[in-house]
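These notes concern the structure reproduced below.
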Amino acid sequence: MIEKFTNKLSLRILLGLFVLVSFALLFTFFVLFQTFNVYLFLVVVLGTALGWVFFEDSAAKTLLFIASTSAGTILVLIAVFLFLRGFPAFQRDPIFFLTGSEWHVYREIYSLGPMIWGSIIVTFGATIIAAPMGVSSAIFIAKFSPKWLRSILKPAIELLAGIPSVVYGFIGFILLNSAIMDYFDISNMGQYFAPSIILGIMALPTITSVAEDAIDAVPEHMEKGALALGVTKWQAIKEVTLPSASSGIMAALILGIGRALGETMAVTMMIGHKTAFPSPLFDIFDPGETLTSLIASQIGEASGQAVEALMGAGLLLFLIVFVLSVTSRIIQSRLQRRFRRG
Amino acid sequence: MSIKKLAGLSLVFMLVLSISSFSLFAQGQDVLRADGSSTVYPIASLAASYWNSNPPIADAEYWPASDYGIDTEKSLADYWASLYGLETFNVAVGLSHSGVGLNKVAEGKVDIGDSSAGAKFEFPEKTEEELSSYTAHIVGKDRQAFSVSKEVYEAGCTVLTKEEIVGIFKGEITNWKGVHSCDYDKEIQAIGRAVGSGTETMFRVNVFGSSEVSGLNGIDVRYGQNQMVQQALVKSSNGIGYPGIDFVSDDNPALEVIWEDGNTYSIEDQAWPLGRPLYMYTWEGTSKTEAAFLRMILSDFGQSVFVDGGTEYFMLSEKEQAEQLEKLPPIE
Amino acid sequence: MSPVDENISETSVVDKLFVSVEGKLMRRLMLALWLVMGMVFLAISTLTAIWPNFLSNVVISTLGAFLLVAVGLTIVAFKLLKEYQPPMIHFLLSLFLIAFSGVVFLFFPNHGLEIPALEGDVTPQLATISLFFIVTFATVWTGLLFYWENPAHNRQLAVQYFTWVSVAIPLGVLTFFIVYTIMEGSSVITWDFISSASDLMRGEIGIFPAIMGTFSLIIGATVFAVPLGVGAAIFLTEYAKRGWIKQAVGVTADCLWSTPSIVFGLFGYVFLVPRITGHSTLLAGQIILAAMLLPLTIATSTEAITAVPDEFRNGSLALGASKWWTIRRVVLPSSVPSIVTGVLLGVGRIAGETAPIMLIAVASHTNAPNFFSLSPPYFHLGPLFSEVDALPYRLYSIYKAGVGGSIHEAWGTAMVLIALVLMFYGLGISIRSYYRRNRGW
């Protein structure tokens, strides 16, 4: 018996199980009971250290496996907690919550209609600006620019994505808001129009870099074949490359839309925070509010039902972006499969 | 097992031990936390800045104790803390809204809740009994201005009647031409504050009679803080807003109003109808740490430096000051 | 059209429909319709520009809607217009349209907008939007005509020009933003501004706590995210045998990457804050930023490790090394530069995040986090459990509440923030290009 237990294999498994169970307990306590059990933590760390010293290979593999579940765990936690806190708002009166037109904190009436509409307007505006420019700059970078220029342009576009959104919002508020107000002779500062423009610029790098990857992924021999038939380069791109990359470009557009939809600070700083539908409905020069700016501007001061309603808004946002990114992922993986086969 | 591994193992041991012992005893530093109204913030943050800097008695520019009849050799914070037999501590002031400050102080997340509206106005649904745990300390007085863009003021719109103000914020008057005192053909941009802020609450109470009023459809944009209201007024040529008096400048001047009693008031008048006290609330009495900080603000020194000197707000009268000092626990 | 056209393009039902004689007629009809609409609309907007009381905005918006429909039809028409060569006159007409609407748009902006005689639901902005639409569509239309009118190489030039412009515009905007921020911000940048904290008592403003706060946030985030991300990548590339695991992790990482930053903030607010002290803490901010950095780390590390040639692994395994030893001594060292690049770019991104930390980690006017002291135990974790200031938050709070400085300090803060982000990006990009040039395989 004793020999069996001292057998390295079972000791390894025992230790591993012990540590894993302690880790699971530690995690469960933390999530469910809001306590961080230091003793369990000690057990986990010491057990891991022991495992590392004596059975490095299997300890490494187990740790790596746990690491690979981290992204999924976080995603699930986000979904669960937003759901727990936000679902009551949906439950009360889902149709009114999503389509009603009033957000009145003092009287505790909460509906997201105007904010959903605002998000749609702003995202639509941003997409109109970002989509054509993003795709055509991707074409330029991938196909028309010389190599040296390309090596400058790609990082420069990345940099565009790196400028913090709070800086975009600040510059937009200082320069764009009042400029638009003056030029179009509008009576208010916080219209949908100004953040749309800034969001267009912010969504552009996402579209460009993903679309550029998609265009670049099309095997060169396809285009070369067309060129050999005597067509111009543009004709080859238009008839061969772009159709092949179309699903990738589609994915890029979806990601860009997701980016614009979820962008927070720039919108919050530039929009007028009026929680009502614009009138007439498509007047992009009316002040308004989007889902993200609603959350950002009110969560700090909300209590009670307002928190639930804001969590509901967050949940809605999360779900929309989730669907968008899964869709784009599916499109992309189809594209990859096609070329792998071809 | 190699020496290397042993060394590694012992290192890990030491790390774990140190980290766990620290996380066992790890707490935030010993600080007095305040949070809440952006209107009270200038007073609170200035006071906290003096407190944390703790200038010595030699630094008479910032700690002129003898000017206020205080006889001490101690530094600023040391002196006020010593009144309650305490060691010096730090003060951190957060910034949100009156409602938040009041909620946080009740939840025990902060020690002092700054509010520019009384608790009973912020929480009209709560009973007297529920509100009785709040201990109010009035630290200064504000007057809410009706401030307009410079262009509007220069076009002659310098006096508004109460009906006009109601009309503008209800959306019944949409052009400056609709105001009796001026002929300025421009649409009105009515700038509101975030709901839940004391400024918004007191505006509703003073102008409309209740914080639960509905139909304020004239408000075009809402900003979270006084500063943004001021920014928006300065950057526009058609705006009107109701910031605290600290946020009025030459570029967004304050209006005179003709109130319902028929009198014309200017913001300089004692009887300005939108006056309001500025509160620092504590929860269930006032602790010694809280009292030490509050006593500094309520003293002659605090009133003249933090309220009169540092901001545009108004000091408490001597009677009010005595009343407020009375509420604090006696010094040791 | 080119032979490629015939081969590649798919023939749809619509295509078949329009090949007939009637189809051709229909195409022309649509084109004519668009032309007429365009002309009518142009006339109306001109009249409105000259004579403000001409039309109510209701009519204008109705026309605008018609215009949109017409444009849609036109696009369909052009899509089907495979062999149709429009005459020169169309081209000239469209040029005229552009020039004219441009003139109206640029020189009579206010005339064209104000419709003062109308009351009630008047939104003069609609007229502007409509004008804007005219200009845009006229431009597009001309572009299209130019495109169809000319021989192939001209089209190529046109396209090249167009794509070049669309790269130049965002880069122009980027340059403008940076230059403008430097111009506005450089006047407040002094050594004191960067190296000291604000002192309201003496009326001095400094952003040192915010700089240190941002650094502690991103260092903490990196410490949490990199082991997890790289570990996940190793597991996926070296151990996971089934494709679906890779797919699953890829999808979750993607979703995490595109999750809006404010949602991370909300999550931290309901999950982390009640579990860590109950108020905003540096630790909560680090964890949330780590969650945002994680997907990028996974993606770039996976890419980097996959790029290591299999010969490296096989060589090591053939010498009798274990799998883990091979990973640690062969695979990881060869992929470190790429991983570092990816992490640096990610850090550049999270350094400027405001929305997630706004609710869970920051407060104005806090001291710089100080982990070290001169007396035992020399190192303490207290700052992890209290609030910090951060550069993007400082900028936001100046904008929002005037806390911590005036507008000049805001520009200064923005400049420091941009410089910080540029530093990370520059570092990352230069490591990448250096490494690409000197890669061993």
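Observations, loosely collected:
- Matching residues in region B:304-317 - criterion: being in a helix (DSSP H, G or I) and either of a type in the set (Lys, Arg) or surrounded by fewer than 21 Cβ atoms within 10 Å (Cβ to Cβ) (or both): B:304, B:308, B:309
- Residue list for region A:19-78, restricted to those being β-branched (Val, Ile, Thr) and either in contact (Cβ under 8 Å) with a residue 40 or more places away in the chain or in contact with a Ser or Thr (Cβ under 7 Å, 6 or more places away or on another chain) (or both): A:19, A:31, A:38, A:43, A:44, A:62, A:66, A:78
- Note on region A:1-109: enclosed helices (runs of 4 or more DSSP H) holding 3 or more residues that are within 14 Å of chain C (Cβ to nearest Cβ) are A:8-33, A:38-54, A:56-68, A:70-92.
- Residues of region B:30-46 satisfying the condition of being in a helix (DSSP H, G or I) and buried (at least 24 other Cβ atoms within 10 Å of the Cβ): B:41, B:42, B:43, B:44, B:45
- Test: residue in region C:381-390 that is assigned by TED's automatic domain parsing to the domain that holds residue C:273 and without any contact (Cβ under 8 Å) to a residue 24 or more places away in the chain: yes
- Condition check for residue B:275: surrounded by fewer than 17 Cβ atoms within 10 Å (Cβ to Cβ) and among the small types (Gly, Ala, Ser): no
- Flag for residue B:169 being without any contact (Cβ under 8 Å) to a residue 40 or more places away in the chain and among the aromatic types (Phe, Trp, Tyr): no
- Residue match in region C:246-260 (condition: facing another protein chain (nearest Cβ under 9 Å) and over 22 Å from residue C:227 (Cα atoms)): yes
- Within region C:301-407, helices (runs of 4 or more DSSP H) holding 3 or more residues that are more than 13 Å from chain A (Cβ to nearest Cβ): C:310-318, C:332-350
- Scope region A:24-60; condition modelled with pLDDT of 85 or more, surrounded by fewer than 18 Cβ atoms within 10 Å (Cβ to Cβ) and either of a type in the set (S, T, N, Q) or within 18 Å of residue C:232 (Cα to Cα) (or both); matching residues: A:28
- Residues that are basic (Lys, Arg), on the phi > 0 side of the Ramachandran plot and at pLDDT 80 or above number at least 3 in none of the strands (runs of 3 or more DSSP E) confined to region B:183-300.
- Residues that are more than 25 Å from residue A:319 (Cα to Cα) and buried (at least 24 other Cβ atoms within 10 Å of the Cβ) were ranked within region A:271-286; the one that is nearest to the other protein chains (Cβ to nearest Cβ) is A:272.
- Of all residues in region A:287-309 being in a loop (DSSP other than H, G, I, E, B) and not hydrophobic (A, V, I, L, M, F, W, C), the one that is nearest to the other protein chains (Cβ to nearest Cβ): A:303
- Any hit, region B:136-152, residues being crowded, with 19+ Cβ neighbours inside 10 Å, in contact with a helix residue (DSSP H, G or I) (Cβ under 7 Å, 6 or more places away or on another chain), away from every other protein chain (no Cβ under 14 Å) and part of a loop (DSSP other than H, G, I, E, B): yes
- In the condition set (1) surrounded by 18 or more Cβ atoms within 10 Å (Cβ to Cβ); (2) assigned by TED's automatic domain parsing to the domain that holds residue B:226, residue B:113 is compliant with all but (2).
- Among the residues listed as B:162, B:170, the single one being basic (Lys, Arg), out of contact with any Phe, Trp or Tyr (no Cβ under 6 Å at 6 or more places or on another chain), at pLDDT 85 or above and over 26 Å from residue A:300 (Cα atoms): B:170
- Evaluation of residue C:235 against the conditions (1) closer than 16 Å to residue A:65 by Cα; (2) in contact (Cβ under 8 Å) with a residue 60 or more places away in the chain; (3) buried (at least 23 other Cβ atoms within 10 Å of the Cβ); (4) within 8 Å of another protein chain (Cβ to nearest Cβ) shows that the sole unmet condition is (2).
- Scoring residue B:221 on the criteria (1) at the interface with another protein chain (Cβ under 8 Å from one of its Cβ atoms); (2) more than 20 Å from the chain's Cα centre (by Cα); (3) free of Cβ contacts under 8 Å to residues at least 24 places away in the same chain leaves a single failure, condition (3).
The values are calculated or read from the model by the stated rules, or taken from the named source; none is laboratory data. All values reported here derive from a predicted model rather than from experimental measurement. Because the Cβ atoms are built from the backbone with ideal geometry, glycine has one as well, and the counts that use them run over all protein chains shown.
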